[in-house]
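Report on one structure; see the data block that follows.
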Amino acid sequence: MRAWWGTLTAVLVAIGLAISATSPPAPRDPQHSEGLFNLPRAMGDVHRIASAPHPTGSAENARVRDYILSQMKAIGMQVATREGRLDEKATRRLNKWSGRDDPPARLVNLVGLLPGKDPAAPAVLLMAHHDSVWGSPGASDDTAGVASALEVARQIGARGTPQRSLILLITDGEELGLQGAAEFFSDDPLIPRIGAVINMEARGGGGRTSLFETSPGNGQAVELYRKAATWPAGSSLATFIYSVLPNDTDLSEALHGPWVSYNFAFIGRPGLYHSPKATPANLDQGALMDMGWQVSELTQALIAAPELPQKAPDVTFFDLFGLVLVTYPSSLGWAMLAIAALALGLAVSRERNLRALGSGAGRTVALMAAGALLLYALNRLSGAGAGANYYDRLAAIPMLEAMAALVAIASFLLVLGKGLAGPARQAGAVLPLLVIGLAMQVLAPTAAFVAVVPVTLAALAIAARAYLPPLAGMLVAIGLAAPVLGYLIALGHQLM
């Protein structure tokens, strides 16, 4: 019974940590965020820009452009427009939205330059897109990014002439296939001046803003972000997953360049993605605050840096519940796996029961198989598969998360309801996860932490329970299990 009380305590603490990790910071009064981000002023931009849908080529799109240009001029930026035409594929998509057969529409990128003290120093480029899809006001996608870029530029401009130049690039035609970004990064005269790029996006209406993509060779870039961010969010697992997905943002066009790049987005409230309900009133102001605050801190750190980050070996990184960004060389994963193997070996030597060791391993395999089969079956029954509407599935995510949680709990109780008595059986339960960690360390070292760190801490907890007095062993196990489980719950939420 005592073991279950320990488990319950760890689970409750883990849930609290997961909620904290996935909740954006509360909106702050401007006097408490002076020099970084003025939320009411940024929300004023959101209301002006996202009052109606404004797809490329529309009258509303022209109105939005005029407003953004006026704000750039008020900051003191040198402003210009860069024009192009939609390609054939983008034109077909726009005509499908409108129901017409119009010729290729004109796309208009907006460029603002705030000159720095050293014109020869590589500049920092902030990027977002001003177009929306046909039927959505786009308060989040991507007005939140545009408003953040404008407000960050205001904060930097208010400090006087920056050390290095700041460029705002507000692209057009992103929703039609990255049209404006492709136009700019093909041959724009400002390209030789760029030293770092930050893009802002959204796929929903709230939640934490996360660093989900970087340019390859991100070691120095991540280290600067770690030092700059007060409430960091992001992981090398996200950057790895995004690198193998077919998804694109405007940053995809920038990644062809030699500069370091960062991509930020929030993806909570997914039912608001490209929705008519994506209005300023439905935008989570905490999410906007989170985006603007992080990007402001990073931009100001880049502008003040004597040298911008250069390409360096990729690192493993993840935020610990939004409090600190943990970074380390990916090769350190091998040392963690060695520690895990040693701790499991010590636990097994305490009991020396190979049958129990195999039983524990078999239960973990059974748990994973049962959970996977149940989740797959229920996901198909819920409407997934061929013919499913993408936006309906996004709107259903809260219900799908509840379903997944119940399946996980049911699978756990079904397979491990009677517990895992003895250190050998407990060590055996971790062995399949150790194998998974080894495979990930070989195939995807920057993403392997999601298995390697939990396995290492689980092994240490099992060894502690095997050799320490019962109460001390349980306290160590709770202290290690709660943050691991909390992180995995938060990660599951983000992956959904």
(message) Given (1) touching a Leu at 6+ places or on another chain (Cβ under 8 Å); (2) surrounded by fewer than 23 Cβ atoms within 10 Å (Cβ to Cβ), identify the lone condition not met by Leu288.
(response) (2)
(message) If Leu125 meets every condition in (1) within 29 Å of the chain's Cα centre (by Cα); (2) part of a loop (DSSP other than H, G, I, E, B) apart from one, which number is that one?
(response) (2)
(message) Given (1) surrounded by 20 or more Cβ atoms within 10 Å (Cβ to Cβ); (2) assigned by TED's automatic domain parsing to the domain that holds Ser186; (3) part of a helix (DSSP H, G or I); (4) not aromatic (Phe, Trp, Tyr), identify the lone condition not met by Leu69.
(response) (1)
(message) If I filter the range 361-419 down to residues being within 28 Å of Leu433 (Cβ to Cβ) and charged (D, E, K, R), which single residue comes out as farthest from the chain's Cα centre (by Cα)?
(response) Lys418
(request) For the range 315-346, enumerate the residues that are touching a Phe, Trp or Tyr at 6+ places or on another chain (Cβ under 6 Å), β-branched (Val, Ile, Thr) and either in contact (Cβ under 8 Å) with a residue 60 or more places away in the chain or over 18 Å from Thr456 (Cβ atoms) (or both). (result) Thr316, Thr327
(message) Can you find, within the range 255-271, the residue that is farthest from Arg393 (Cα to Cα) among those that are at pLDDT 95 or above and not in a loop (DSSP other than H, G, I, E, B)?
(response) Val260
(request) State which residue pairs qualify: first residue touching a residue at least 24 places away in the same chain (Cβ under 8 Å) and inside the range 351-371, second residue surrounded by fewer than 18 Cβ atoms within 10 Å (Cβ to Cβ) and in a helix (DSSP H, G or I) in any location, beta carbons under 8 Å apart, and separation of 6 or more residues or different chains. (result) Arg363/Leu416; Leu367/Phe412; Leu367/Leu416; Ala370/Leu414; Gly371/Ala408
(request) Check off (1) outside the structural domain of Met440 (by TED's automatic domain parsing); (2) in a helix (DSSP H, G or I) for Asp248 and give me the number that stays unchecked. (result) (2)
(request) Look through the range 242-272, keep the residues that are touching a residue at least 60 places away in the same chain (Cβ under 8 Å) and among the small types (Gly, Ala, Ser), and return whichever of them is farthest from Gln285 (Cα to Cα). (result) Gly257
(request) Considering (1) over 30 Å from Pro483 (Cβ atoms); (2) in contact with a Ser or Thr (Cβ under 8 Å, 6 or more places away or on another chain); (3) surrounded by 13 or more Cβ atoms within 10 Å (Cβ to Cβ), say which one Asp102 fails and leave the rest. (result) (3)
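Restricting to the range 1-53, what's the tally of residues that are within 30 Å of Ala482 (Cβ to Cβ) and not charged (D, E, K, R)?
We begin by selecting, within the range 1-53, every residue within 30 Å of Ala482 (Cβ to Cβ); these are 1-28.
Keeping just the survivors that are not charged (D, E, K, R) gives 1, 3-27.
Result for the range 1-53: 26.
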(request) Can you give me the number of residues within the range 75-113 that are part of a helix (DSSP H, G or I), among the small types (Gly, Ala, Ser) and in contact with a Leu (Cβ under 6 Å, 6 or more places away or on another chain)? (result) 1
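Suppose we keep only residues that are of a type in the set (D, E, K, R), crowded, with 23+ Cβ neighbours inside 10 Å and within 16 Å of the chain's Cα centre (by Cα) within the range 222-278. Which one would you say is nearest to Gly177 (Cα to Cα)? Spell out how you get there, then give the answer.
In the first step, residues of the range 222-278 are kept if they are of a type in the set (D, E, K, R); the result is 223, 226-227, 248, 250, 253, 269, 277.
Keeping just the survivors that are crowded, with 23+ Cβ neighbours inside 10 Å gives 250, 253, 269.
Of the ones still in play, those that are also within 16 Å of the chain's Cα centre (by Cα) are 250, 269.
Details: Asp250: 9, Arg269: 24 Å.
My answer is Asp250.
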(request) Give the residue, chosen from Gly145, Gly138, that is crowded, with 21+ Cβ neighbours inside 10 Å, part of a loop (DSSP other than H, G, I, E, B), touching a residue at least 24 places away in the same chain (Cβ under 8 Å) and not hydroxyl-bearing (Ser, Thr, Tyr). (result) Gly138
(message) Given the criteria more than 20 Å from Ala458 (Cβ to Cβ) and exposed (fewer than 15 other Cβ atoms within 10 Å of the Cβ), does Ser349 qualify?
(response) no
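Per-residue answers, yes or no, for (1) out of contact with any His (no Cβ under 9 Å at 6 or more places or on another chain); (2) part of a helix (DSSP H, G or I); (3) crowded, with 17+ Cβ neighbours inside 10 Å:
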| residue | (1), (2), (3) |
| --- | --- |
| Phe318 | yes, no, yes |
| Phe321 | yes, no, yes |
| Gly333 | yes, yes, yes |
| Ala356 | yes, yes, yes |
| Met368 | yes, yes, no |
| Leu373 | yes, yes, no |
| Ala384 | yes, no, no |
| Gly387 | yes, no, no |
| Tyr391 | no, yes, no |
(message) Quick test of your reading of the structure: Thr9 fulfils all but one of (1) in a helix (DSSP H, G or I); (2) touching an Asp or Glu at 6+ places or on another chain (Cβ under 8 Å); (3) outside the structural domain of Ile167 (by TED's automatic domain parsing). Name the failing condition by number.
(response) (2)
(request) Output the number of the condition that Ala402 fails; it satisfies all remaining conditions of (1) within 23 Å of Ala10 (Cα to Cα); (2) modelled with pLDDT of 95 or more; (3) not charged (D, E, K, R). (result) (2)
(request) Could you check how many residues of the range 186-221 are basic (Lys, Arg) and within 12 Å of the chain's Cα centre (by Cα)? (result) 2
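On the given criteria, is His274 within 29 Å of Arg92 (Cβ to Cβ) and modelled with pLDDT of 95 or more?
Values: within 29 Å of Arg92 (Cβ to Cβ): yes; modelled with pLDDT of 95 or more: yes.
Yes, satisfied.
Yes/no matrix, rows are residues, columns are (1) under 30 Å from Pro276 (Cβ atoms); (2) among the polar types (S, T, N, Q); (3) at pLDDT 95 or above:
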{"position": "Glu174", "(1), (2), (3)": "yes, no, yes"}
{"position": "Leu190", "(1), (2), (3)": "no, no, yes"}
{"position": "Thr214", "(1), (2), (3)": "no, yes, yes"}
{"position": "Gly219", "(1), (2), (3)": "no, no, yes"}
{"position": "Ser252", "(1), (2), (3)": "yes, yes, yes"}
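The values are calculated or read from the model by the stated rules, or taken from the named source; none is laboratory data. Note that the coordinates shown come from a computational prediction; the quantities given were computed from them, not determined experimentally. So basically every Cβ, Gly included, is an ideal-geometry build from the backbone, and we count neighbours across all protein chains shown.
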